[in-house]
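These notes are about the structure you will find just below.
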Amino acid sequence: MNFHFLYVLSCLLIGIAVIVVLTAKFRIHAFFALLIACFIVGLSVQLSFEEVMTAVKEGFGHIMKSLGLIIVLGTTLGVILEHTGSTRVMASYILRKVGEKNAALSMSITGFVVGMPIFCDSGYIVLSGLNNSLAKRTGISMAVMAVSLATGLYSVHCLMPPHPGAASAAGIIGVDFGKLILWGILIAIPVSMIGYLWAAYAGKKFPPSTDHYKESEVAEKHESNRLPSVTSAFLPVLIPILLIAIKSFITIEPHNDSLLLKVLSAIGDPSIALAIGIALALSSMRPMKKDRLGALLQEGAEKAGGILVIIGAGGAFGAVLAAVKIGEHFSDALPIASMGLFFPFLLTFILKTAQGSSTVAIITAASIIFPLLPTLGLDDENGKMLCVLAMGAGSMMISHANDAYFWVIAKFSGLEMKAMLKTYSVATLLMGLTALLSTYILSFILL
């Protein structure tokens, strides 16, 4: 049945509003919010219950097929790096190289490196003890130190797999993981620097909050264990990225019998590369205790479970929107073709600011944008990748009181709301705009 565009748009906006209200106001898990939105949008445009249910199952299954292993393995790698103390080893090494007088810069760089395999909130909690100690030892404002670390972690969290937002957007839209990782890292470099520079400028106006200078329990646990070497700490992060990147640029012809190319192609698969990273991380555990190994793997699997259901629900929402033919309605009624990369950025930015979660924002936006790619002129390989990067830029801004990561930073640094808004929230705005500008510059090269 044909509906007027305004009616279809109203149904979509109601669905998005339901997601925002349920997740932000009522603290309902994003899985259930997305699932409810599927039925609200689908039934509103008179899809049958069976049609909506079929779309939900197919969308959920499709995204699990492409991302399930990657999310579980990537999450497990992050958990192991946290518990073996590898993150603190990397932080200490970078600090020695950069020097204590540049302690804030060292924490920004540490956040960037550690944030590649570890979620930003977990990374901040693990490194907060070291960060607080450095702030006390050097006399640098806590606002400078906290926001430098937080923005370093956040820059890669929003722009590259295996983080759930970028990974799910890549799966929904169909983007090569290896190339997205490389370009995501490249764009995250200036983004991270902008975050650090703003922290250094705005944060120095706030004095240290000495009441909260205490080592975290995680840090104390690490000190009681034998820490891995610098090489053992860095390899589980760098080797998977290298293998995935090599795989992205290998083309195996049908009659090519090169064993080396076949091996590189096999181990460069994101799932295999992350499994290799896990093996390298586990090799640094001394001593290797069966109970501890089992607990770490169980924690990784359980932590991934919560992420997987959100990503699956996002895929289901996208499948329902495809069944509704939302792309055709937008293409026929709005001049979005002229907006190009700005449209996915703007949509993700609005969703992020409204409901707080970068992951939910980019998953929801990817589901809406996918059928619009031809109209936006982004339906080729490079266009799709640029689209994901633009959504990653939008998912950075603006982090404020409805974002869980905002409160993690505040809690573990002792910063008050005023300081957080003036330093961290503004930093996320500048980071998102920098990421968008960098994506536009990249588009002139690739398109």
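Every number in this text was worked out from the coordinates using simple rules, so none of it is lab data. Remember, it's a predicted structure, so these values are computed and weren't measured experimentally. Methodologically, a virtual Cβ is constructed for each residue, glycine included, from the backbone with ideal geometry; neighbour enumeration extends over all protein chains shown.
The relative contact order of the stretch 316-447 comes to 28 percent, based on Cα pairs under 8 Å that sit 6 or more residues apart. Please say if the stretch 85-192 is rounded, prolate or oblate, where rounded means a/c under 1.5 for a ≥ b ≥ c the square roots of the C-alpha gyration tensor eigenvalues, and otherwise the choice is prolate for a/b larger than b/c and oblate otherwise? Since a/c reaches 1.5 and a/b is larger than b/c, the shape of the stretch 85-192 is classed as prolate.
Neighbour counting of Cβ atoms within 10 Å sorts the residues MET90, MET385, fewest neighbours leading, into MET90, MET385.
Evaluated with a Cβ-only charge set (Lys, Arg +1; Asp, Glu -1), the stretch 295-407 carries a dipole of roughly 160 debye about its Cα centre, given to the nearest 20. The value of relative contact order for the stretch 5-446, using C-alpha pairs under 8 Å at least six residues apart, is 24 percent.
Here the contact order of the stretch 106-188, divided by its residue count and restricted to Cα pairs under 8 Å and six or more residues apart, works out to 35 percent. Here SER92, SER283, SER357 are placed in order of increasing Cβ neighbour count within 10 Å, fewest first, which gives SER283, SER92, SER357. Of the residues ASP332, ASP269, ASP380, the one with the fewest other Cβ atoms within 10 Å heads the list, and the complete ranking is ASP332, ASP380, ASP269.
Do the alpha carbons of any pairs in LYS179/LYS247; LYS25/LYS422; LYS205/LYS418 sit beyond 19 Å of each other, and which pairs? As for pairs spanning more than 19 Å Cα to Cα, those are LYS25/LYS422. Calculated [222 nm] ellipticity per residue, helices only, for the chain: -24500 deg cm²/dmol; basis is -39500 (n - 2.57) per DSSP H run with n ≥ 4, divided by all residues, nearest 500.
Give me the net charge of VAL20's neighbourhood, meaning all other residues with Cβ under 15 Å from the Cβ of VAL20; Lys, Arg count +1, Asp, Glu -1. Here the count lands on +2. Helices meeting the span-like rule in the chain (full DSSP H runs, Cα extent of at least 27 Å along the helix axis, mean Kyte-Doolittle score of -0.5 or higher): 49-84, 177-202, 230-248, 290-324, 426-446.
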